[in-house]
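Notes follow once the structure below has been shown.
The values are calculated or read from the model by the stated rules, or taken from the named source; none is laboratory data. It should be emphasised that the depicted structure is a prediction, and the values quoted were computed from it without experimental measurement. Only protein heavy atoms, including side chains, enter the accessible area calculation; ligands, DNA and RNA are left aside. Shrake-Rupley method; radii C 1.70, N 1.55, O 1.52, S 1.80 Å.
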Amino acid sequence: MLPAQEAAKIYHTNYVRNARAVGVLWTIFTITFAVITVVVFIQPYWIGDSVNTPQAGYFGLFHYCIGNALTSELTCKGSALDFGSIPSGAFKTAMFFVGISMLLVVGSIICFSLFFFCNAGSVYKICAWMQLASCTCMVIGCMIYPDGWDSEEVKRMCGQRTDKYTLGNCTVRWAYILAIISIMDSLILSVLAFALGNRQDKLLPEHFQVEGKGRHGGGGVKG
């Protein structure tokens, strides 16, 4: 084997190894992202009380708890299955988009099974589009959620100075911050998936590609 061919073989081997390593990391981070979106959707800690709020409590996308002025006990309401129990139309809309975001990223994990049946490049691109759509839905959900801060239930906890996109005496809690972080996470994952999908053809050794083209070309001449 010529030195140039040996170098090309070593380069190709390293390329395949590196591409697979990046693919494994992408898979791990995709699963992590799915866990994050599920937590963001379920947990009722998007906004909460502070030392200056009239009542104790916290709000999520659909579930919320507000303290009782007499007993100081938290009264909890809200269910994802009962839209009537959600105190704001904006919260309902935000819940819908964040829920779609969660389902899309879970769907991209289910698509991992397609690696056994379909071209890897196509699977990466399918997952990339799903993750990009998930990112878009999460952005919409996070932008719409503050529009519901003017509801009476939120004002009861945060004070009358609370209004749309103005939180009054309340504070942003960790679930909302995690949702914003997940936007960047999904964007990076989708870009990486597109890159992996576009590079799958390069994993095939060049002399195999040339031989394949030669066979196709020869068939055309014989025909």
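Summary table below
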| item | result |
| --- | --- |
| Exposure rank, largest accessible area first [Lys77, Lys155; 1.4 Å] | Lys77, Lys155 |
| Distance from segment 65-99 to segment 146-162 (C-alpha centre basis), Å | 12 |
